[in-house]
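The values are calculated or read from the model by the stated rules, or taken from the named source; none is laboratory data. Remember, it's a predicted structure, so these values are computed and weren't measured experimentally. Cβ placement follows ideal geometry from the backbone for every residue including glycine, while neighbour counts extend to all protein chains displayed. For accessibility, only protein heavy atoms count, side chains too; no ligands or nucleic acids. Shrake-Rupley method; radii C 1.70, N 1.55, O 1.52, S 1.80 Å.
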Amino acid sequence: MARRIDVTGAGGVHLAAWEFADPPKTEDPDHSPPGALLLHGLMGRASHWASTARWLSGRHRAVALDQRGHGQSDKPPQAAYTREAYVEDAAAAVEQLDLAPAVLIGHAMGALTAWQLAAKRPELVRGLIICDMRASALGAASQREWADWFSAWPVPFATLADVRKWFGEDDPWVERPNPARGEFYAEVMHECADGWRPVFDPDRMLRSRETWVYDAHWEELAQVPCPTLVVRGVDGELGRAEAQEMVRVLPRGEYAEVADAGHLLPYDRPEAWRAAVEPFLDRVGE
């Protein structure tokens, strides 16, 4: 059964943190299991990590965070969607939930938040997993493409089946049918009076995104002192050459890739994702 824990983030924003399984029991009551904080990407939510959090609970106290503007967390004014706020929120979760030194596991934007936190507050982090997030600047063209994509969504959707079909088949960004992608987006919809709409505000997502797409983030990578695994899906957004350069820049970087997987690899290829990251977690936990 999922358990919600409230966290107070930067500026007093109320954040929802979730445990999807009980942490492992320890014989020593004064020694708690190592912590893990899971950070979803832009438009995601904590529940996308449920599968990962459940198998992690065999060794960690695994907590997934609904980041500001997402899931059940507060959706503050647009000015609050800064990189600093996201990083401070994650630090607050680690500290208030007594997870430190934690393993941070981030997907896309959540991975950027994770490595920025690891660079800024290394005492809070024992290990880091970066999933399909680029360190290079994406630029203005990327931001325009996203704005156009949001405008193309046929909202409101009449049914959740329509959500699954559009994002899994009809979305112009889909190269071939992808049922897992449809399920991913169905999970971030809620029912309104006129149909199904996203639980987030697309305009705020764009505002959040513009705080990082114009900048490169190599310098922060170089400042991450803990062991770090960079994971990419072969068909994802992070190319092999850039991923391997990220590993080279990281002081203690490692590399893994998952075949037949795209950007949403922890969600649509959960077994292959686990196989890619579990050996790294074994080493970090030694």
For the chain, how big is the tail of P(r) above 28 Å, as a whole percent of Cα pairs? 33 percent
Rounded to the nearest whole number, the per residue volume of the convex hull around the C-alpha atoms of segment 92-149 in Å³ is 99 Å³
With Cβ to Cβ distances under 11 Å as the rule, what net charge do the other residues near L238 carry (K, R +1; D, E -1)? -3
Quick one: Kirkwood hydrodynamic radius for segment 128-178, alpha-carbon pairs, angstrom, one decimal? 13.2 Å
Near K120, which aspartates and glutamates are there with a Cα under 16 Å away, not counting those fewer than 8 places off in the same chain? E84, E88, D89, E95, E219, E220
Range in the chain, longest, excluding exposed trypsin sites (Lys or Arg not before Pro) [loop by DSSP; at most 16 other beta-carbon atoms within 10 Å]: 26-251
Rg(Cα) of segment 146-286 divided by 2.2 N^0.38 Å? 1.24
Just in segment 108-199: which GluC sites (Glu not before Pro) are loop by DSSP and have at most 10 other Cβ atoms within 10 Å? E175
Please identify every one of the GluC sites (Glu not before Pro) in segment 1-106 that sits in a loop by DSSP and has no more than 15 other beta carbons within 10 Å of its own beta carbon. E27
The alpha-carbon pair-distance distribution computed for segment 1-152, with 10 angstrom bins and whole-percent values, is 12, 41, 33, 11, 2, 0
Largest-first ellipsoid semi-axes for segment 87-206, taking √(5λ) over the Cα gyration tensor eigenvalues, angstrom: 32, 17, 14
Give me the 1.4 Å probe accessible area per residue for the chain, excluding ligands and nucleic acids, in Å². 44 Å²
Rounded to the nearest Å, the spacing of the alpha-carbon centers of segment 147-209 and segment 88-137 is 27 Å
